[in-house]
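These notes concern the structure reproduced below.
What follows is calculated from the coordinates using simple rules that are stated; it is not laboratory data. Just so you know, these numbers come straight off a predicted model, no measurement behind them. In this analysis, Cβ positions are derived from the backbone assuming ideal geometry, glycine residues included, and neighbour counts consider all displayed protein chains.
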2 protein chains.
Amino acid sequence: MSSNEPVLSFNPPMRVLMGPGPSDVPARVLSAMARPTIGHLDPAFIGLMDQIKALLQYAFRTNNALTMPISGPGSAGMEACFVNLVEPGDTVIVCVNGVFGGRMKENVERCGATAIVVADDWGTPVDPAKVDAALKANPGAKAVAFVHAETSTGVASDAATLCNLAREHGALSIVDAVTSLGGIPVLADEWGADAVYSGTQKCLSCTPGLSPLTFSERAVEVVQSRKTKTQSWFLDFNLLLGYWGGNAKRAYHHTAPVNALYGLHESLVMLHEEGLEAAWARHAKMHEALKAGLEAMGLSFLVAPEHRLPQLNAVNVPAGIDEALVRAHLLERYGLEIGAGLGALAGKVWRIGLMGASATPNHVTLCLTALETVLAELGATVAVGKALPAAAKVLWG
Amino acid sequence: MSSNEPVLSFNPPMRVLMGPGPSDVPARVLSAMARPTIGHLDPAFIGLMDQIKALLQYAFRTNNALTMPISGPGSAGMEACFVNLVEPGDTVIVCVNGVFGGRMKENVERCGATAIVVADDWGTPVDPAKVDAALKANPGAKAVAFVHAETSTGVASDAATLCNLAREHGALSIVDAVTSLGGIPVLADEWGADAVYSGTQKCLSCTPGLSPLTFSERAVEVVQSRKTKTQSWFLDFNLLLGYWGGNAKRAYHHTAPVNALYGLHESLVMLHEEGLEAAWARHAKMHEALKAGLEAMGLSFLVAPEHRLPQLNAVNVPAGIDEALVRAHLLERYGLEIGAGLGALAGKVWRIGLMGASATPNHVTLCLTALETVLAELGATVAVGKALPAAAKVLWG
């Protein structure tokens, strides 16, 4: 870029975000992020950190002292769990039923540990019986890692049962709750989960870039009694706790992403105002409305009803339809973003998100209208005029 | 936190940021961050990524194709360099003349490599003769790592000479330019530097949380011909290049911090508008003005004049003065943040930043006024009434 070529400020197009995240970010959160930057060791900022910690404890339903946001996206949160808890030579049971379980396996192996994969078909939940068998076959396994809400397929797995199985066998549990936190119950203490990480850009409706996380006391003890240093300096909890820990005097570790934390705080304040239970109920209801509309149109879901995530709907692409063309039309005409299939599901499903601020009647209504119009135009066999009344019936009786 | 306890939005106090970063963030950057979030695979976002890349190439004075921001703070950028370039068993010459050189050593060791430390006193630059000797004593060393602008001491090292020495011995150069980029010349191509990383919250005056980085073609070849996988999945350039690389089709790796990138883009647009040379000249002039004022007051600098960073001024605390009390008064009375000493310099120096939007005549004026008033009140032997005229003479002749 030459010195005299003018460069314009970036003004993004208006979008309605109904993909697998980011979801629509409320103006309250955006304007919180635009407040003046202060120092990461400012007394006022330390107060904000304490409040974020308390609000995250509320969101995770936990009293864990180690509850904080990692200064990076969800994949940094995932990595923080593995590099702190897993040492070279350890064995970890990794449940893989989609893209993000596969990423967990990569993390385990890059820690110099052995991953014992428990595989389930994409679109189905993790099978606890297989996990039980793997734990029995691998006594001394350090941890069981699984994805609570698989963003690539829209499947919920039974976190309570899986955490309990791990504990029964003396293993830690590592739970990916990136897409679940704030959308369906994430009950860290009730499950007895040892490490749970999430993302900000899904059901919390904050901007992407941070990864809230909580570690049980048992997990903290494992970190503090490591034989080797964690391979990541940036994510080393033995250092990071000096900054985010409970001490009055905070030791500098790295410069916290101050304004991103303003945004996270505001999104957590909003979640707290609505109430966790109310947020879960809203996500459930919007899913019921979308489902009624899609099924009235003649579309079907990838996942069996009892395992579906309300906030991430994997919808089968009708035969003969170019799914990318549909998404392009939705984006260009309606500013509406829905997600493509990932990995093994590329080209086969759409992923429609109803997350956080994108889980409203207006989102459901726009999505059904736009999808029906575009599909009909492209010659798909969809029932026209039935989706909206079906959704409205769920929404308003 | 209970469900019925109301939680207020966070409104930060007004500060003037003259510490070691973050620096004051211009309203243009803050408001850019508050623009509506779009998807990280949106065509409009891909266009923004291309522009950020071109603007970073301008800022780093490079044509390197691998030029991008890491989705984490400067310490993630540092780690990205080491985990991608260094493999177990490698030897790396690490120059340590402050806190951040020490952090580089930690990074090398956590990669399973051997760090050969070239130590220089805090407050002095890296000695090229020692580096040359270390390279001769360690044939086959993989890289030389050093900090261009030591934020803990305010020292500039001779990057051109050090990069050249590395190259002469067939080693890569890894350069920490966190505090230098935008404040003094960072000339990646002219130096022949192989890996240079920076931060957003220093002389770019963006919010903290991202780490701009550039890799030479030679460094990219080293990454692509690794024998082992990099230990970090999140920072693995062999994966990340699918998203930030030059291909028309971007492969999803992790969810980019969309709004933080809006902010970085705007801060780079502002740097481009001002022009790199003009920005360097402004930092130099503000340093001269601050120096004239501080010296007129009777204060002295830690670092010899020829090695001083204009943007980070390590000032000796006068004998008998409680440096923390001075900072507390400055913060409470004037909203003015200056930095404490780090590590070996804790209690001995203040670190006064003149970075980016905090390098203006008004910042210099406020800092001198406030410091003189507080020091006089606390009984320090400072000459009163001389600092401002001395600074004004530099500023306005």
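Rounded to whole Å and ordered largest first, report the semi-axes of the equivalent ellipsoid of segment B:290-356 derived from its Cα gyration tensor (root of 5λ).
Values: eigenvalues 66, 40, 32 Å².
Rounded to whole Å, the semi-axes are 18, 14, 13.
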query: Using helices alone, what [θ] at 222 nm do you get for chain A, with -39,500 (n - 2.57) per DSSP H run of 4 or more residues, divided over all residues and rounded to the nearest 500?
result: -13000 deg cm²/dmol
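With both bridge residues required to lie in the protein assembly as shown, what share of the DSSP beta bridges run antiparallel, to the nearest 5%?
On the way: 40 of 82 bridges.
If we restrict to bridges inside the protein assembly as shown, about 50 percent are antiparallel.
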task: Note the distances from residue B:384 to each other copy's matching label point, with points 7 Å along the Cα-to-beta-carbon direction, in nm, sorted shortest first.
output: 8.6
- prompt: Roughly how big is the protein assembly as shown's charge dipole about its Cα centre, with Cβ charges of +1 (Lys, Arg) and -1 (Asp, Glu), in debye to the nearest 20?
  reply: 200 debye
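Divide the volume of the convex hull of the Cα atoms of segment B:1-82 by its number of residues and quote the answer in cubic angstrom per residue. The partial results should precede the final answer.
Details: hull volume 17.7 nm³, N = 82.
Each residue corresponds to 216 Å³ of Cα convex hull volume.
How would you order A:322-330, A:336-344 from highest to lowest mean count of nearby Cβ atoms within 10 Å?
On the way: A:322-330: 16.2, A:336-344: 20.3.
Packing proxy ranking, top to bottom: A:336-344, A:322-330.
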- prompt: What's the Cα-based Rg to Rh of segment A:93-144, Rh via Kirkwood?
  reply: 0.96
- prompt: Looking only at other chains, what is the average number of their beta-carbon atoms within 10 angstrom of each beta-carbon in B:23-31?
  reply: 3
- request: Put a label point 7 Å from Cα along the Cβ direction on residue B:316, then list its distances to the equivalent points in the other copies in nm, shortest first.
  value: 8.0
statement: If each part is reduced to its alpha-carbon centroid, segment A:291-339 and segment B:266-326 end up apart, in Å, by 57 Å
- prompt: residue B:114's amide H: which non-local residues (gap 5+, or another chain) put their own amide H closer than 5 Å, with H modeled 1.01 Å from N in plane and none for Pro or chain starts?
  reply: B:89, B:90, B:91, B:92
- prompt: Considering only the other residues whose Cβ falls under 12 Å of the Cβ of residue B:353, what net charge follows from Lys and Arg at +1 and Asp and Glu at -1?
  reply: 0
- prompt: Which pairs, out of B:105/B:142; A:227/B:142; A:229/B:202; A:202/A:229; B:142/B:227, put more than 21 Å between their alpha-carbon atoms?
  reply: A:227/B:142; A:229/B:202; A:202/A:229
- line: FRET efficiency for residue B:239 and residue B:50 from the Cβ-Cβ distance with R0 = 25 Å, rounded to 0.05, comes out at 0.80
query: Cα centroids of segment A:1-77 and segment B:156-226: how far apart, whole angstrom?
result: 28 Å
task: Note down the relative contact order for chain B as a percent, whole number, built from C-alpha pairs under 8 angstrom at least six residues apart.
output: 23 percent
- request: Please find the FRET efficiency linking residue B:300 to residue B:138, where r is the Cβ-Cβ separation and R0 is fixed at 35 Å, and quote it to the nearest 0.05.
  value: 0.40
field: Volume per residue of the C-alpha convex hull in segment B:35-272, rounded to whole Å³
entry: 104 Å³
query: Hey, how many Å between the Cα centroid of segment B:345-372 and the Cα centroid of segment A:108-145?
result: 55 Å
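If the viscosity is 0.890 mPa s and the temperature 25 °C, what Stokes-Einstein diffusion coefficient in µm²/s follows for segment B:275-396 when Rh is the Kirkwood radius over Cα pairs?
Details: Rh = 14.4 Å.
Roughly 170 µm²/s, to the nearest whole number.
Under the definition of Cα pairs under 8 Å and six or more residues apart, what whole-number percent is the relative contact order of segment A:162-319? Intermediate values should be presented prior to the final figure.
On the way: 164 pairs, mean separation 29.8, N = 158.
Computed over segment A:162-319, the figure is 19 percent.
Given chain B, what percent of its DSSP beta bridges are antiparallel, to the nearest 5?
Details: 20 of 41 bridges.
Counting only bridges with both partners in chain B, antiparallel ones make up about 50 percent.
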message: How tilted is helix B:276-297 with respect to the longest principal axis of chain B? Cα atoms for both, answer in degrees (0 to 90, nearest 10).
response: 30 degrees
query: Relative to the compact globular guide of 2.2 N^0.38 Å, what is the alpha carbon radius of gyration of segment B:122-216, as a ratio?
result: 1.07
- prompt: How many nanometers, to one decimal and shortest first, lie between the label point of residue A:275 and those of its other copies, if labels sit 7 Å from Cα toward Cβ?
  reply: 6.2
message: Compute the helix-to-body angle for B:387-396: its Cα long axis versus the longest principal axis of chain B, expressed 0 to 90° and rounded to tens.
response: 60 degrees
Values of log10 I(q)/I(0), in the order q = 0.05, 0.06, 0.09, 0.10 Å⁻¹, for the protein assembly as shown under a Debye, Cα-only, solvent-free model: -0.26, -0.37, -0.84, -1.03
field: Rounded to 10°, Cα long-axis angle of helix A:159-168 versus longest principal axis of chain A
entry: 30 degrees
statement: For chain B, the Kirkwood Rh over every pair of distinct alpha carbons, in Å, works out to 21.9 Å
- prompt: Which lysines have a Cα lying under 16 Å from the Cα of residue A:291, excluding residues fewer than 8 positions away in the same chain?
  reply: A:386, A:393
